[in-house]
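To start, the structure itself, in structure tokens.
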2 protein chains.
Amino acid sequence: MDQPVNQGKPRYRWAKRARDTIAPAVTAHGKLIELGGGYDFPGTLPDVVSEAIAAARSKRETLQYGPLYGLEDLRDAIVDYLRRDGISTARENILVVNGAKHGLDLVCRVFLEPGDLVIVAAPTYLNAVRIFKNAEAHFVSIPQDEEGMDTEILGNRLQARHDAGEPLPKLLFDMPDFHNPTAIAMSAARRQRLVELAKEYDFVIIEDDPYRRVRFGGASVPPIKAFDNDGRVISLGTISKILAPGLRIGWVNADPAIIRRMASHKSDGGTSPLLQRIVVQLFRSGKVDQHVAALSSLLRVHRDAMIDAIREHLPGTSVCAPNGGYFLWVQLPAEIDADELVRRAGNEGVSIISGRLCFAEEPAGSFLRLAYSFSAPDEIAEGVKRLGRAYVAMRSEVGAPTKEASDIDH
Amino acid sequence: MDQPVNQGKPRYRWAKRARDTIAPAVTAHGKLIELGGGYDFPGTLPDVVSEAIAAARSKRETLQYGPLYGLEDLRDAIVDYLRRDGISTARENILVVNGAKHGLDLVCRVFLEPGDLVIVAAPTYLNAVRIFKNAEAHFVSIPQDEEGMDTEILGNRLQARHDAGEPLPKLLFDMPDFHNPTAIAMSAARRQRLVELAKEYDFVIIEDDPYRRVRFGGASVPPIKAFDNDGRVISLGTISKILAPGLRIGWVNADPAIIRRMASHKSDGGTSPLLQRIVVQLFRSGKVDQHVAALSSLLRVHRDAMIDAIREHLPGTSVCAPNGGYFLWVQLPAEIDADELVRRAGNEGVSIISGRLCFAEEPAGSFLRLAYSFSAPDEIAEGVKRLGRAYVAMRSEVGAPTKEASDIDH
């Protein structure tokens, strides 16, 4: 050929789904007070030194490639752990993954073609939105009330699609216990109804349940998976919120036909057996239960500190006091742009998350997600005070009243 | 609606790419003599107890979520490590991943649409074939000779495609140093030529280089990446073959524009900072270098044991004695079906890999991949003896001569 096909600096032939990262890599170790990310509280991170020593010594297991589906001991420990939630499962239903997000990614691989529909709550988990968008999914967004995703609205939307001959969703994603970001716990009736709708309209439910045991009050109801009798529910679990995110161990509990297909897309050479062996020990010794009990007591204090600070510094906002989880979902007056408030709060020295990121489609209002998990109560108080400065300044610019209560629903 | 859309046990609406796993989960801990998988030799796995203790103690870093791109200390250690190969790179070019396969998977996400073409050697790395097939890629398979992938044939194929107005490949995948499965080391001229062809025909080269330092002899030539001056080469690295696969730490070295897009598809919540901190210490203390030097001396003995056994037990086969890596690539007489031999060898008590798995398209003959990495020399001798029983029985069934030499090229 006479001329090169391409000259100069390459313009890569990306796939359509190749998106640049939105922001540079961030960690919780900056100078801002961190009320954004769902990091674990550093003060209660567990001591895993003895488990790490034992695991490192078993090097013929832990430094070698591990089995594709995970260590049998860990899969069995997960089966035991789930049994206490009323879920009957077995080793062949469990796939060990590198955190629940990894499990969600694998679900997308084996179920979604570009353009397929996924049902999500509005709002929903921001990283799930990112993963579904990376899979080129489209969305059906369903509002929530205090009982969780509104199954009546969902049923009507599905029937209308069916009657109109429109494509039906393949997947539904939700977090029934202390939902991220709203902290809502779904009622048993709604859980049951979701499973019925899944059968009726032939979709699969992804139940992501990291916060179930981070509970301050209220009675627990069984997981959605406990209502499932024909393999339509895929449960995602993780030790990130009950132990430590840095160990990056999660699991999928699903029909073995689903598990096998997910495993064939697991391209990490197996989850690290060193980490798995550490976690097996922590499950067996009871440290997992001890840790989540201590953490829950403590986060209840964090939650209260944040609610007190919101009452003092964010007049005119509305928030529910949750019975568990890591987050508060703060509704702002409609005239306050959440993205702009996040930017200004950063200038004041506090990191928060715009509610806009928690919607797969258009936001249904102006919201913030505030995490009380990582920062200590005094930092939370100072962080919300800083946020309050940015907020009050914005309100005075738009001419809103500066003297009024915030609406806190206990 | 009157009738459920779907009744009875669900038939999942899989994506096209949802393939069942071929085999149940397997490990290297079975009763067969393992000459199949590229496992590390258990006798030289490094002692990482002190590093694990130190990492577990730094829990505010190691048990928390880590940065998306990896720990800065590890990215810097990788930059230093690559510099010794004549590669000039920087922290922003490095993405830490959960093994090189994970990196390859992320490359597929950001470059490939279903049906896109990928250039591979024939034969090539069997897990790369699986990952590319999971990404619904199609293949252009190029033969190898003793200098590596035949760039003249490749150039002709590309020109013919260009002239015919056919789609051109987006990616090329190869392992230039002690190729898996052939153990061939690519010549410098071929490496240079690959980079020229990538510019001319606008594709990106993926250089997977796990075995580069597992060398028994011969002079090393610079990596393909060292010939790249416009960001067309993506290097994949891993500690699996220079340290321990169980730690599941790999990296990608590429143009930052590529790294950022890969990071946005990294759905594992960050690679475990506990594992990363262990590996940082092993790089800094020189243990990585010590380990790979000891391992290479030892694997040379393994290689020789396997070649001696092949000479004794596999008459009529042909094999090259490699200067490095983990594998021997054994050409069988055309009348011996490799898949059937693998099955029969299993019955005799030895696990091996059919060469058929190492071809993206039709195999160019009948081959076995034998790993000398995992088993000790006496096990290798016994394993090849068992394989020989199955092989000789098959040969006698097809009426081939039983007395002849094997062709071993040193």
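Taking segment B:32-55 as the range and being touching a Leu at 6+ places or on another chain (Cβ under 8 Å), assigned to a loop (DSSP other than H, G, I, E, B) and facing another protein chain (nearest Cβ under 8 Å) as the test, the residues that pass are B:40, B:45, B:46, B:48. Given the structure, is residue A:278 buried (at least 22 other Cβ atoms within 10 Å of the Cβ), closer than 24 Å to residue A:82 by Cα, among the β-branched types (Val, Ile, Thr) and without any contact (Cβ under 8 Å) to a residue 60 or more places away in the chain? Spelling it out, it is not the case that residue A:278 is buried (at least 22 other Cβ atoms within 10 Å of the Cβ), closer than 24 Å to residue A:82 by Cα, among the β-branched types (Val, Ile, Thr) and without any contact (Cβ under 8 Å) to a residue 60 or more places away in the chain.
May I ask you to verify whether residue A:146 is away from every other protein chain (no Cβ under 12 Å) and surrounded by fewer than 21 Cβ atoms within 10 Å (Cβ to Cβ)? The answer is yes for residue A:146. Residues in segment A:107-118 that are in a helix (DSSP H, G or I) and more than 9 Å from chain B (Cβ to nearest Cβ): 1 in all.
For segment A:272-290, a residue qualifies if it is more than 25 Å from residue B:38 (Cα to Cα) and either facing chain B (nearest Cβ under 10 Å) or in a helix (DSSP H, G or I) (or both), and the qualifying residues are A:279, A:280, A:281, A:282, A:283, A:284, A:285, A:287, A:288, A:289, A:290. Screening residue B:318 against (1) within 14 Å of chain A (Cβ to nearest Cβ); (2) in contact (Cβ under 8 Å) with a residue 40 or more places away in the chain; (3) small (Gly, Ala, Ser) leaves a single unmet condition, (1).
Residue-wise test of (1) over 13 Å from residue B:253 (Cβ atoms); (2) in contact with a Cys (Cβ under 8 Å, 6 or more places away or on another chain); (3) hydroxyl-bearing (Ser, Thr, Tyr); (4) at the interface with chain A (Cβ under 10 Å from one of its Cβ atoms).
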site: B:57; (1), (2), (3), (4): yes, no, no, yes
site: B:81; (1), (2), (3), (4): no, no, yes, no
site: B:87; (1), (2), (3), (4): no, no, no, no
site: B:97; (1), (2), (3), (4): no, no, no, yes
site: B:100; (1), (2), (3), (4): no, no, no, yes
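For (1) modelled with pLDDT of 95 or more; (2) facing another protein chain (nearest Cβ under 10 Å), each residue gets a yes or a no:
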| residue | (1), (2) |
| --- | --- |
| A:219 | no, no |
| A:225 | yes, no |
| A:228 | yes, no |
| A:232 | yes, yes |
| A:249 | yes, yes |
| A:261 | yes, yes |
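Every test in (1) touching a strand residue (DSSP E or B) at 6+ places or on another chain (Cβ under 8 Å); (2) at pLDDT below 95 is passed by residue B:24 save one, and that test is (1).
Being more than 20 Å from the chain's Cα centre (by Cα) and assigned to a helix (DSSP H, G or I), is that true of even one residue in segment B:119-138? Taking every residue of segment B:119-138 in turn, none turns out to be more than 20 Å from the chain's Cα centre (by Cα) and assigned to a helix (DSSP H, G or I).
Is it true that residue A:224 is of a type in the set (Val, Ile, Thr), under 23 Å from residue A:70 (Cα atoms) and touching a helix residue (DSSP H, G or I) at 6+ places or on another chain (Cβ under 8 Å)?
It is false that residue A:224 is of a type in the set (Val, Ile, Thr), under 23 Å from residue A:70 (Cα atoms) and touching a helix residue (DSSP H, G or I) at 6+ places or on another chain (Cβ under 8 Å).
Across segment A:59-73, what is the number of residues that are in a loop (DSSP other than H, G, I, E, B) and facing chain B (nearest Cβ under 7 Å)? Break it down stepwise before answering.
Residues of segment A:59-73 that are in a loop (DSSP other than H, G, I, E, B), as a first pass: A:63-71.
Next, from what is left, pick out any that are facing chain B (nearest Cβ under 7 Å): A:63-69.
Number of matching residues: 7.
Put simply, of B:279, B:214 the only residue that is modelled with pLDDT of 95 or more, under 30 Å from residue A:48 (Cβ atoms) and β-branched (Val, Ile, Thr) is B:279. Which of the residues belonging to segment A:247-257 are out of contact with any helix residue (DSSP H, G or I) (no Cβ under 6 Å at 6 or more places or on another chain) and surrounded by fewer than 24 Cβ atoms within 10 Å (Cβ to Cβ)? Within segment A:247-257, A:255, A:257 meet the criteria. Could we say that residue B:268 is at the interface with chain A (Cβ under 7 Å from one of its Cβ atoms), surrounded by fewer than 24 Cβ atoms within 10 Å (Cβ to Cβ) and at pLDDT below 95 here? Taking the combined requirement at face value, the residue satisfies it.
Name every residue in segment B:342-356 that is in contact with a helix residue (DSSP H, G or I) (Cβ under 6 Å, 6 or more places away or on another chain) and touching a residue at least 40 places away in the same chain (Cβ under 8 Å), in order of residue number. B:344, B:345, B:348, B:349, B:350, B:352, B:355 - these are the residues of segment B:342-356 that are in contact with a helix residue (DSSP H, G or I) (Cβ under 6 Å, 6 or more places away or on another chain) and touching a residue at least 40 places away in the same chain (Cβ under 8 Å).
Out of B:36, B:66, one residue alone is surrounded by 22 or more Cβ atoms within 10 Å (Cβ to Cβ) and over 30 Å from residue A:127 (Cα atoms). It is B:36.
When residues in segment B:191-202 are screened for being within 21 Å of the chain's Cα centre (by Cα) and either farther than 19 Å from residue B:323 by Cα or hydrophobic (A, V, I, L, M, F, W, C) (or both), 2 of them pass.
The values are calculated or read from the model by the stated rules, or taken from the named source; none is laboratory data. Here the structure is a predicted model, which means the values were calculated and not measured. Neighbour counts run over all protein chains shown; Cβ positions are idealised from the backbone, glycine included.
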